[in-house]
Amino acid sequence: MVQLEAQSLEMRTPQATKTAILVIGGAEDKVHGREILHTFFARAGSTDAHIAIIPSASREPTIIGARYLSIFEEMGAKKVEVLDIRERQQCDEPNVQACLAACTGVFLTGGDQLRLCAVLADTPAMDIIRMRVQRGQLTLAGTSAGAAVMGHHMIAGGGSGESPNRALVDMAIGLGIIPDAIVDQHFHNRNRMGRLLSAVACHPDRLGIGIDEDTCAMVEKDGTLRVMGKGTVTIVDPGEMSYTNHADIGAAEPLSLHNLRVHILSYGDRYHLQKRIVLAPVQRLPQ
């Protein structure tokens, strides 16, 4: 029994040497259990972690950068740096590139995803991040706006609480870390199902992923997504969609979307992004 419990604990405990991408729906617990932030810390190397915080999305980058700096230093990271990048030209600076080439974890804070992309997209700094993530050399996390930028197609803004329609969502180009996904955050908390469906109707070759607050979709190198945190991750798969009127109606008219596949995933549930199938869940240990 003890051996089974130990195996179960090992299965759900992040390994320090195993990198991942953590897509966080915003408002993650920063005070109490901090499970999501602790998982990022562990995947970035635990007490050997060298963490770079990029608060470029925020209107108050100094304040938000200092807050995460304090959190990760308190956890015991070996080194934590705030890269206060406010202009694209800063991405050419040797100290910025040296930090990104050496660090074991990068954390993208919340704010405005358009501001974050304007600063980082198509820069040497972003090239370093993307290359090291692809090689499994770097754990990357993004919360709120930092999550929204993960796809190639990005939800830049829009409304909530309405029936799906083309005018409900504003799309832009993201950073392309998980290119086949369209990510929305603060999802059920802000009633954003309609705008994610609208985004998927606009790009039916992509997978819609809606992430609640204090919830994380952690993506492994093999394409497996696992859910942690207090809320749910909603997957909208249009792969077998049989009909949409997207091209035939006005921008404010309601959309038809037939034969969508929708999954609601909670703590421990897993999903394979490339195969588009639900996998056996990793159960929470008894408290």
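The values are calculated or read from the model by the stated rules, or taken from the named source; none is laboratory data. Source: prediction; values computed, not measured. Virtual Cβ from ideal backbone geometry, glycine too; neighbours counted across all protein chains shown.
Could you list all residues from region 78-96 that are assigned to a loop (DSSP other than H, G, I, E, B) and under 27 Å from ASP48 (Cβ atoms)? Step through it out loud before you land on a result.
Start the filter on region 78-96 by keeping residues that are assigned to a loop (DSSP other than H, G, I, E, B), which leaves 78, 83-87, 93.
Result: LYS78, LEU83, ASP84, ILE85, GLU93.
Look at region 244-259: where a residue is within 15 Å of VAL169 (Cβ to Cβ) and a partner is of a type in the set (Asp, Glu), sitting 6+ places away or on another chain with Cβ atoms under 9 Å, you get PRO254/GLU162.
Counting just the residues of region 210-243 that are among the aliphatic types (A, V, I, L, M) and touching a helix residue (DSSP H, G or I) at 6+ places or on another chain (Cβ under 8 Å), which one comes out farthest from ALA20 (Cα to Cα)? Per the stated criteria, the residue is VAL236.
Within this structure, VAL233 passes the test of being crowded, with 21+ Cβ neighbours inside 10 Å and closer than 30 Å to GLY33 by Cα. Considered as a group, the residues in region 150-183 that are of a type in the set (A, V, I, L, M) and in contact (Cβ under 8 Å) with a residue 60 or more places away in the chain include one that is farthest from GLY25 (Cα to Cα), and that residue is ALA167. Selection of region 49-71 for residues being part of a strand (DSSP E or B) and not aliphatic (A, V, I, L, M) yields only HIS50. Counting only residues that are crowded, with 19+ Cβ neighbours inside 10 Å, among the aliphatic types (A, V, I, L, M) and over 16 Å from ARG43 (Cα atoms), how many does region 65-99 have? Going through region 65-99 one residue at a time, the tally reaches 4.
Within this structure, GLU213 passes the test of being surrounded by fewer than 22 Cβ atoms within 10 Å (Cβ to Cβ), touching a residue at least 60 places away in the same chain (Cβ under 8 Å) and under 18 Å from ALA147 (Cα atoms).
Of the listed requirements (1) surrounded by fewer than 22 Cβ atoms within 10 Å (Cβ to Cβ); (2) touching a helix residue (DSSP H, G or I) at 6+ places or on another chain (Cβ under 6 Å); (3) assigned to a strand (DSSP E or B), ASP170 misses just one: (2). All of (1) of a type in the set (S, T, N, Q); (2) out of contact with any strand residue (DSSP E or B) (no Cβ under 8 Å at 6 or more places or on another chain); (3) farther than 21 Å from HIS153 by Cβ hold for ASN245 with one exception: (3).
Can you pull out every residue in region 226-263 that is at positive phi and among the polar types (S, T, N, Q)? Break it down stepwise before answering.
Step one: filter region 226-263 for residues at positive phi, giving 229, 259.
Result: ASN259, single match.
Take the conditions of a type in the set (A, V, I, L, M), in a strand (DSSP E or B), within 17 Å of the chain's Cα centre (by Cα) and over 24 Å from ILE173 (Cα atoms) and apply them to MET218. Does it pass? Before the answer, list the steps.
Details: of a type in the set (A, V, I, L, M): yes; in a strand (DSSP E or B): yes; within 17 Å of the chain's Cα centre (by Cα): yes; over 24 Å from ILE173 (Cα atoms): no.
So MET218 does not fit the description; no.
PHE40: at pLDDT 95 or above, crowded, with 21+ Cβ neighbours inside 10 Å and either among the aliphatic types (A, V, I, L, M) or out of contact with any helix residue (DSSP H, G or I) (no Cβ under 7 Å at 6 or more places or on another chain) (or both), yes or no? Spelling it out, PHE40 is indeed at pLDDT 95 or above, crowded, with 21+ Cβ neighbours inside 10 Å and either among the aliphatic types (A, V, I, L, M) or out of contact with any helix residue (DSSP H, G or I) (no Cβ under 7 Å at 6 or more places or on another chain) (or both).
Residues checked against (1) part of a helix (DSSP H, G or I); (2) β-branched (Val, Ile, Thr); (3) at pLDDT 95 or above:
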position	(1), (2), (3)
THR17	no, yes, no
THR47	yes, yes, yes
GLU73	yes, no, yes
ALA98	yes, no, yes
GLY110	no, no, yes
